[in-house]
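Heads up: the structure comes next, in structure tokens.
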Amino acid sequence: MTVKELRELSIKELDERIAELHQKQFDLSRKAAVGTLETPTELRVVRKDIARAETVKREKELQINK
């Protein structure tokens, strides 16, 4: 998900998206521990998506317009 798409979401929608991403990260980390993870880079991508969503959420909370 791009930053532009994230900025179009409300804070509540961002919270929901962040929760989904955290669940996905948990599932992927369990797969990585067991050794059944198909794409190792997927875990890194999810972590970066979480960071992007958290950043946009914080911008909205502080009312920073970009």
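Read-outs throughout are calculated quantities, based only on the coordinates presented, and are distinct from any laboratory measurement. Note that the structure is a prediction, hence the values are computed from the model and not measured. When we count neighbours, we look across all protein chains shown, and the Cβ atoms used for this are built from the backbone with ideal geometry, even at glycine.
The table that follows gives values for the structure above.
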{"item": "The chain: GluC sites (Glu not before Pro) falling in loop per DSSP and having at most 10 other Cβ within 10 Å", "result": "8, 38"}
{"item": "Estimated FRET transfer efficiency (residue 34, residue 3; beta-carbon r; R0 25 Å; 0.05)", "result": "0.15"}
{"item": "Given charges at Cβ of Lys, Arg, Asp, Glu: the range 3-62 dipole, positive-most of 53, 32, 21", "result": "32"}
{"item": "Along principal axes, Cα extents of the chain, largest first, whole Å", "result": "42, 17, 15"}
{"item": "Fluctuation leader among 45, 56, 34 - the chain, Gaussian network, Cα springs under 10 angstrom", "result": "34"}
